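Every number in this text was worked out from the coordinates using simple rules, so none of it is lab data. Since the model is a prediction, treat every value here as computed from it, not as a measurement. Cβ coordinates were reconstructed from backbone atoms using ideal geometry, including for glycine residues, and neighbour counts include every protein chain displayed.
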Amino acid sequence: MEKQIFERPTITKLNPGVPSKHGVGTVIAPMPMVDGVKVDELLDKFGSPLYIISESTIRRNMDEIKRAFTVRYPKVQMAWSYKTNYLDAVCRIFLQEGSWAEVVSGFEYDKAIRNNVKGEHILFNGPGKSAAELEKAARDGAYIHIDHFDELFLLAGICQNKNIEARVAIRVNMDVGIYPKWDRFGFNYENGEAWDAINRIMANPKLKLMGLHTHIGTYIMTAEAYRIAATKLAELAYNIGNKFNHHISYIDMGGGFASRNTLRGAYLSADDTTPSFEEYAEVITSAIINSQIKPDKLPTIILETGRALIDDAGYIAGTVIANKRLSDGRRATIIDVGVNFLFTAFWYDHKIHPTIQHSGAVEETTIYGPLCMNIDVIRPSLMFPPMKQGDRLLITRTGAYNNTQWMQFIATRPNIVLIDKDRNAHIIRKAESVEDVANNEVIPKHLE
């Protein structure tokens, strides 16, 4: 067993504030370190704001999900969801942990190849694949997850004209008892569309049906929905075996597992309501094992989990720019982290911590970003301690989607650092400059 780094224990004084009719006040604990590295020192060295990613947390989350599924099922394969965070360093950590790549565009496909993922370890999802991208994926031996009949016919024509074969699956949408239904993507289970697609694929010698795929939604907080989805896919797999004597290689359950970020407007904290990996694993594996599929024909379960593996590993450190009072008397704190860098602030109540000890007194506060736009709100309302200009803070659980949906808007994007298992900080994406932003612009001759 690898020797763990000793971390000195600390004692933190908790100041609950003045009791009221609701009980004791909110406790906002300081968070001075990430993985034993001082946040203030990182900001001094790399600038503010600053993205921080914890390699140890990623690897720990991977260990947990793999353990939850492999103790319950004999064949499990992880596939990292590139759209969740496609920083090369992050993707390579998941590759080291045994993940394949799940991509939804030609850009992400090329990213995966760049990160040394073999073509036969790429799952190509998405409704917008071009003819050139389909041909490339077929020649590379990637798994092409067909989304609609037009794509099916396009791929069939490519394979016929180029005399190549393609390894394919179909994406299946279905009623799993949650609202809204995700029926935009894939072939519907209930109306027979999925079975129609399967019959057409099986009738085409150039298309090799390898699996079935579903992605029932995002941030799914009821594990039972996955039991329904896995049961329906297992029934399809069994019927394929019965009719065609063909046993698919895998059932891809997609992603959608909830992280421990709390959604805006939620009554309870996600720490209390998010299903565990064990809960997701129990319903999915039970549904497939208890189906009519024979034990020696059980397909591999593929998981495209993204958010639940990376959210906890990401942080954004920032600095207080100013404080002011709003017209209703509430305090407003302006920080240098805007929604251009923290896109998920639109739907999460991110936890925010000072990096230094404070008095314990808190009051209702709105946290604004620095952008010249009214919607630049990081937290519309939270009980927060008074912070002075120049004080530092840390926003937690920011690892999913912020580095793929962020925008160069009003300000250039900052450094991103990775803290490795030995507590060393590495820049994995350099801060942008004006030159970086303007590099692809072209000035017409009459404006020179």
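How far is the Cα center of the range 238-315 from the Cα center of the range 97-113, in Å?
Value for the Cα centre distance between the two parts: 20 Å.
Which angle from 0 to 90°, rounded to the nearest 10, does the C-alpha axis of helix 193-202 make with the longest principal axis of the chain?
Value to nearest ten degrees: 50.
Which value in nm describes the separation of the simple spin-label points at I178 and T300, placed 7 Å from the Cα toward the beta carbon?
Inter-label distance under the simple model: 2.5 nm.
Given the rule -39500 (n - 2.57) for each run of at least 4 DSSP H residues, summed and divided by the residues of the chain, what is its mean residue ellipticity at 222 nm, to the nearest 500 deg cm²/dmol?
-8500 deg cm²/dmol
Under 30 Å between alpha carbons, and skipping anything fewer than 8 positions from K351 in its own chain: which lysines qualify?
Straight-distance partners of K351: K13, K21, K38, K45, K66, K83, K181, K324, K388, K421, K430.
For the chain, give the magnitude of the charge dipole about the Cα centre (Cβ charges: +1 Lys/Arg, -1 Asp/Glu; no others), in debye to the nearest 20.
Working: 51 positive and 53 negative charges, 77 e Å.
So the magnitude is around 360 debye.
Looking at the P(r) of the chain, how many percent of alpha-carbon pairs lie beyond 30 Å? Display every interim value, and only then the final one.
Numbers: 50714 of 100128 pairs.
Every Cα pair in the chain considered, those over 30 Å come to 51 percent.
Quick one, what does Rg over Rh come out to for the range 56-310 if you take C-alpha atoms and the Kirkwood Rh?
0.95
Which order do K430, K232, K388 fall in if you start with the one that has the fewest other Cβ atoms within 10 Å?
K388, K430, K232
Can you check what the net charge comes to around A332, using other residues whose Cβ is under 10 Å from the Cβ of A332 (Lys, Arg +1; Asp, Glu -1)?
Working: positive: K324, R325, R330, R331; negative: none.
Net of charged neighbours comes to +4.
Using Cα-only point scatterers and the Debye equation, what is log10 of I(q)/I(0) for the range 169-260 at each q in 0.10, 0.11, 0.18 Å⁻¹, rounded to two decimals?
Per q value, in the given order, log10 I(q)/I(0) is -0.25, -0.31, -0.76.
If amide H atoms are built 1.01 Å from N in the plane of the peptide, which residues on other chains or at least 5 residues away come under 5 Å of the amide H of R379?
The answer is I367.
Which lysines have a Cα less than 23 Å from the Cα of K208, not counting those fewer than 8 places away in the same chain?
By straight Cα distance, K208 reaches K75, K118, K129, K136, K162, K232, K243, K294, K297.
What are the ³J(HN,Hα) couplings of the range 429-445, residue after residue, when phi is run through the Karplus curve with 6.51, -1.76, 1.60 and θ = phi - 60°? Round to Hz, x for glycine and proline.
Couplings: 8, 6, 4, 6, 10, 4, 4, 4, 5, 8, 4, 8, 7, 10, 8, x, 4 Hz.
Take the Cα pairs of the range 336-448, get the Kirkwood Rh, then feed it into Stokes-Einstein at 10 °C and 1.306 mPa s and tell me D in µm²/s.
96 µm²/s
Could you please report the charge total around G306, scoring K, R as +1 and D, E as -1 over all other residues with beta-carbon less than 11 angstrom from its beta-carbon?
-1
Estimate the FRET efficiency between N245 and D110 by the formula 1/(1 + (r/R0)^6), using the beta-carbon distance for r and 45 Å for R0, to the nearest 0.05.
Numbers: r = 38 Å, r/R0 = 0.83.
Efficiency at R0 = 45 Å is approximately 0.75.
Quick one: L50, L236, L154, fewest Cβ neighbours within 10 Å first, how do they rank?
Ranking L50, L236, L154 by Cβ neighbours within 10 Å, fewest first, gives L154, L236, L50.
Test of understanding: ordering W195, W347, W100 by Cβ neighbours within 10 Å, fewest first, what list do you get?
Ranked by crowding around the Cβ, least crowded first: W347, W195, W100.
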